[in-house]
1. Suppose we filter 26, 73 for residues that are more than 30 Å from residue 315 (Cα to Cα), crowded, with 20+ Cβ neighbours inside 10 Å, in contact (Cβ under 8 Å) with a residue 24 or more places away in the chain and out of contact with any Asp or Glu (no Cβ under 6 Å at 6 or more places or on another chain); which single one remains?
2. When residue 78 is evaluated against the numbered criteria (1) surrounded by fewer than 19 Cβ atoms within 10 Å (Cβ to Cβ); (2) among the β-branched types (Val, Ile, Thr); (3) assigned to a helix (DSSP H, G or I), which criterion, by number, is the only one it fails?
3. Among strands (runs of 3 or more DSSP E) lying entirely in region 90-147, which contain 2 or more residues that are modelled with pLDDT of 95 or more and in contact with a Cys (Cβ under 9 Å, 6 or more places away or on another chain)?
4. Looking at residue 154, is it modelled with pLDDT of 95 or more, part of a helix (DSSP H, G or I) and hydrophobic (A, V, I, L, M, F, W, C)?
5. What is the residue count in region 162-177 for residues that are touching a strand residue (DSSP E or B) at 6+ places or on another chain (Cβ under 8 Å) and either surrounded by fewer than 18 Cβ atoms within 10 Å (Cβ to Cβ) or in a strand (DSSP E or B) (or both)?
6. Select from region 278-324 the residues that are without any contact (Cβ under 8 Å) to a residue 24 or more places away in the chain and within 16 Å of the ligand (Cβ to nearest atom) and write down the one among them that is surrounded by the most Cβ atoms within 10 Å (Cβ to Cβ).
7. From the residues in region 225-277 that are more than 16 Å from the ligand (Cβ to nearest atom) and basic (Lys, Arg), which one is farthest from residue 158 (Cα to Cα)?
8. Out of the residues in region 134-155 that are under 17 Å from residue 295 (Cβ atoms) and of a type outside the set (Val, Ile, Thr), state the one that is farthest from the ligand (Cβ to nearest atom).
Amino acid sequence: MAHAIRFHETGGPEVLKWEEVPVGEPGPGQIRVRNSAVGLNYIDTYHRSGLYKVPLPSGIGLEGAGTVTAVGPDVAGIKVGDRVGYGSGPLGAYSTERLTAADRCIVLPDGLSDETAAAIMLKGMTARYLLRRTYRVGAGETILVHAAAGGVGLIMCQWAKHLGATVIGTVGSDEKAALAKAHGCDHPIVYTRENFTARVKEITGGKGVPVVYDSVGKDTFMGSLDCLQPLGTMVTFGNASGPVTGLDTGVLAAKGSLFLTRPTLMTYTAKRSDLEETAKDLFDVVLRGAVRIEIAQRYALKDAAQAHRDLESRKTTGSTLLMP
Ligand SMILES: NC(=O)c1ccc[n+]([C@@H]2O[C@H](COP(=O)([O-])OP(=O)(O)OC[C@H]3O[C@@H](n4cnc5c(N)ncnc54)[C@H](OP(=O)(O)O)[C@@H]3O)[C@@H](O)[C@H]2O)c1
């Protein structure tokens, strides 16, 4: 019998339960995957807490990798025994074995381990669409990335550096500053004690940056707008400190005709061709060594609640795996 982490009510980490689950045979368009590693993501905490609504009871988790154990009707390009990775749903990655949508899975190339895939399918594809599509970062530009020592953050710093950008990054401690610096962040700012807006102005000689990637949300949003050049792009893509609400759009005019976007990976990979192109680009930078993946924490899958506690109390860095 397979096992999975499920929740029947929203709330704190304690609502996550380790349960025996029947998996069954894949239906049309589905495959069955035996997971070898599962990725932990901040969005999992939003599903669990109810910030992002899902029908209950529910499985949880969007990112993982493993081996295909059965293939349903109407599936092309994937066979039993293939290694696959996935990072854009449907929910249910926190499981030993599961059914999932074949068209959301990517067959993994040789040389990319299941563990690395489980650490990057969601976080790395996010870094890719943010840096290459939401705002196309160019060589010689200076950009600001919040939570630079986190899962998405460490990948973004290295990738932006690889593109020739200068990276300013915010972090919660001196240890995280050192880690970010070792992963391409030229100017780490410890925003728990320094005013990051003033520091960004100082580092850029008063000019500000053309783009801010802000996944912290409520606590940094207004300060981030003040880091932008006129016509700059504010990318608010997460809520680690709480969601941004009640924006008066006149503020965007007053601060220099700013652009504001609230993107999600789901939109940017909704088309199969976009999913494939995003994954291909990601695998390429990882396999060439331009982006190194730090799996800084591993937990037994059944201890997912503890992993959530650590993620939400800012104890983790880089990518975290849950091991089935
Ligand atoms: N829109 C999308 O497509 C998309 C896709 C993937 C991820 N995301 C978002 O990107 C962010 C990063 O995701 P991740 O999984 O890689 O997580 P993570 O960055 O590893 O963890 C979140 C980090 O946010 C920082 N943070 C600042 N204020 C916080 C607070 N009040 N409580 C908790 N953490 C706080 C902490 O770093 P410091 O201690 O250094 O401040 C913490 O380590 C999340 O907001 C997530 O929702 C969005």
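The values are calculated or read from the model by the stated rules, or taken from the named source; none is laboratory data. Note that this is a predicted model, so its numbers are computed, not measured. Cβ coordinates were reconstructed from backbone atoms using ideal geometry, including for glycine residues, and neighbour counts include every protein chain displayed.
1. 26
2. The number of the failed condition is (3).
3. Those strands (runs of 3 or more DSSP E) span 142-145.
4. yes
5. 8
6. Per the criteria, the residue is 310.
7. By that ranking, first place goes to 255.
8. Ranking the qualifying residues of region 134-155, first place goes to 154.
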